[in-house]
């Protein structure tokens with residue numbers, strides 16, 4: 001903790017002349033959309049948990065389209081928020097790098113990237129379901145993967161709701 | 001005429017402002033990291049078991065294996081994003097303290113940072 005505060009205090013002084021944010025603004029619509037998508041995804045996994053056959057794929061086709069469409073729209077919303085100034089991020093990265101902390105800053109919004117991965121996962125599940133059906137074990141693996149990405153997206157979006165701002 | 005800044009008191013206030021934010025946020029970051037590491041490890045175990053037993057078919061094997069790498073990368077990316085929010089919050093808390101001290105010392109009401 002002492003080491004962290006030791007890094008944060010000088011970094012703050014370095015940045016204090018700048019009135020810019022380092023992360024995007026909180027958007028309640030995105031946070032609410034994520035919660036709604038999580039519920040729909042878990043319902044889908046519950047409905048397919050015993051495994052599926054390709055012959056019954058038509059019954060699930062519309063659900064896949066709806067889920068993937070919602071996820072892509074949310075990812076787009078999360079990505080399209082105004083970005084903080086790159087120069088401020090560069091200052092932070094440079095300062096940390098000088099102290100041996102190297103961050104590979106891709107400039108990606110973490111929740112948007114996680115949502116894109118959920119969409120890719122669901123698209124793969126849909127394609128396999130359509131071709132040969134998915135085993136119960138595969139459903140569990142798809143679900144495990146989606147839950148990990150959902151946790152990333154939800155934690156990040158909720159963290160953006162800075163208190164008092 | 002304002003009052004001179006008490007450097008020692010100001011340093012204590014700055015340290016307290018930074019620590020308050022950092023303490024709270026670090027517990028969130030720690031909880032998130034623990035959940036993710038455990039879940040990714042469990043996912044790796046599930047994929048290995050499924051491939052060994054043939055319950056993960058050839059059609060999905062490569063996808064699940066590649067995804068483990070992507071998941072770990074996405075976890076690191078999220079952690080970095082969370083850390084940036086914490087740095088920003090510490091910055092705002094400390095600038096508030098500095099502006100308050102300067103305002104008191106100069107008698108000028110300095111508007112808060114946007």
Residue that is farthest from residue B:63 (Cα to Cα) [pool: residues in region A:87-112 that are touching a helix residue (DSSP H, G or I) at 6+ places or on another chain (Cβ under 6 Å) and modelled with pLDDT of 75 or more]: A:109
Subset of region B:1-17 [touching a residue at least 40 places away in the same chain (Cβ under 8 Å) and within 8 Å of another protein chain (Cβ to nearest Cβ)]: B:14
The listed residue being surrounded by 14 or more Cβ atoms within 10 Å (Cβ to Cβ) and closer than 30 Å to residue A:138 by Cβ, out of B:44, B:52, B:22: B:44
Subset tally (residues that are within 7 Å of chain A (Cβ to nearest Cβ) and surrounded by fewer than 22 Cβ atoms within 10 Å (Cβ to Cβ)) for region B:88-106: 2
Failed item, numbered, when residue B:80 is tested on (1) farther than 30 Å from residue B:20 by Cα; (2) within 12 Å of the chain's Cα centre (by Cα): (1)
Among (1) away from chain B (no Cβ under 13 Å); (2) touching a helix residue (DSSP H, G or I) at 6+ places or on another chain (Cβ under 6 Å); (3) modelled with pLDDT under 90 - the single one residue A:11 does not satisfy: (1)
Scan of region A:126-144 for residues that are touching a helix residue (DSSP H, G or I) at 6+ places or on another chain (Cβ under 6 Å) and closer than 18 Å to residue B:44 by Cα, ordered by number: A:137, A:138, A:139, A:141, A:142, A:143, A:144
Failed item, numbered, when residue B:57 is tested on (1) within 28 Å of residue A:143 (Cβ to Cβ); (2) modelled with pLDDT under 95: (2)
The listed residue being at pLDDT 85 or above, more than 7 Å from chain A (Cβ to nearest Cβ) and within 30 Å of residue B:6 (Cα to Cα), out of B:66, B:20, B:109: B:20
Members of region B:25-63 that are under 18 Å from residue A:121 (Cβ atoms), in a helix (DSSP H, G or I) and facing another protein chain (nearest Cβ under 9 Å): B:36, B:39, B:40, B:42, B:43, B:46, B:47, B:50, B:59, B:60, B:63
Selected residue (criterion: farthest from residue A:110 (Cα to Cα)) from residues of region A:134-146 that are surrounded by fewer than 24 Cβ atoms within 10 Å (Cβ to Cβ) and within 7 Å of chain B (Cβ to nearest Cβ): A:135
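The values are calculated or read from the model by the stated rules, or taken from the named source; none is laboratory data. Here the structure is a predicted model, which is why all the values come from computation and not from measurement. Virtual Cβ from ideal backbone geometry, glycine too; neighbours counted across all protein chains shown.
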